[in-house]
Amino acid sequence: MAEKKKPRFLRRKNKAYKKLGKRNKRMQIWRKPTGRDNKMREKRKGYPAVVSIGYRTDKISRGLIEDKQPILVYNINDLLKIKKDEIGVIANIGKKKRLEIAKKAKEMKIEIHNLNIEKFLKKNEKIKEEKHKEKKKWTSEQKNN
């Protein structure tokens, strides 16, 4: 049985006005269409879908990410608790802890949904090298003076 993809429910004419989300994703949220002549409210053909019964996700797959149960990761101990049928989601944490978690996840081959581990570690390695070069340059200038 093929699953029918649910449409992205967006506010009517949200692209027409900047404040409603032309370049502002967080304002592209659902608002029920009202108004006497609103074609979307009337559910006319050719207009975006309106939130209604029948679009809800199956109970089995509700709340899952890539068919795996998401687990919030605040520290390395939380990372160790992740099982095979679960996926890690890094919580709102600082860069230092995120770096530790990324290294440990790569080592343990654990999948993290909201972080590209390879890219993140590579970027931080570059930054570390640049800081090291700057420090070396600054110390050599201090010795010369």
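The values are calculated or read from the model by the stated rules, or taken from the named source; none is laboratory data. These numbers come from a predicted model, not from an experiment. Neighbour counts run over all protein chains shown; Cβ positions are idealised from the backbone, glycine included. We work out accessible area using only protein heavy atoms, side chains counted, and drop any ligands, DNA or RNA first. Shrake-Rupley method; radii C 1.70, N 1.55, O 1.52, S 1.80 Å.
Can you tell me how many residues within the stretch 16-29 are more than 22 Å from the chain's Cα centre (by Cα), under 20 Å from Tyr47 (Cα atoms) and among the basic types (Lys, Arg)?
Final tally of qualifying residues: 0.
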Pair list, Cβ under 8 Å, 6 or more apart: the stretch 34-54 residue more than 20 Å from Lys6 (Cα to Cα) and touching a residue at least 24 places away in the same chain (Cβ under 8 Å), other residue in a loop (DSSP other than H, G, I, E, B) and open to solvent by less than 100 Å² (accessible area, probe 1.4 Å): Asn38/Arg12
Within the stretch 15-72, tally of residues that are open to solvent by 90 Å² or more (accessible area, probe 1.4 Å), on the phi < 0 side of the Ramachandran plot and assigned to a loop (DSSP other than H, G, I, E, B): 18
Number of positions in the stretch 86-129 that are out of contact with any helix residue (DSSP H, G or I) (no Cβ under 9 Å at 6 or more places or on another chain), within 24 Å of Leu64 (Cβ to Cβ) and open to solvent by less than 100 Å² (accessible area, probe 1.4 Å): 6
Any chance Ile93 is assigned to a loop (DSSP other than H, G, I, E, B), in contact with a Phe, Trp or Tyr (Cβ under 8 Å, 6 or more places away or on another chain) and more than 26 Å from Lys6 (Cα to Cα): yes
Odd one out for Ser61, checked against (1) more than 18 Å from the chain's Cα centre (by Cα); (2) of a type in the set (Ser, Thr, Tyr); (3) at pLDDT 90 or above: (3)
Residues located in the stretch 130-145, provided they are open to solvent by 100 Å² or more (accessible area, probe 1.4 Å) and either part of a helix (DSSP H, G or I) or at pLDDT 75 or above (or both): Glu130, Lys131, His132, Lys133, Glu134, Lys135, Lys136, Lys137, Trp138, Gln142, Lys143, Asn144
Only listed residue being over 30 Å from Ile127 (Cα atoms) and β-branched (Val, Ile, Thr), chosen from Val89, Val73, Val51: Val51
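Sort out which residues of the stretch 99-129 are part of a helix (DSSP H, G or I), touching a residue at least 24 places away in the same chain (Cβ under 8 Å) and hydrophobic (A, V, I, L, M, F, W, C), and write them in order of number.
Listed by number, the residues that qualify are Leu99, Ile101, Ala105, Met108.
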Tyr74 modelled with pLDDT of 90 or more, among the aromatic types (Phe, Trp, Tyr) and either under 19 Å from Asn116 (Cα atoms) or out of contact with any Lys or Arg (no Cβ under 9 Å at 6 or more places or on another chain) (or both): yes
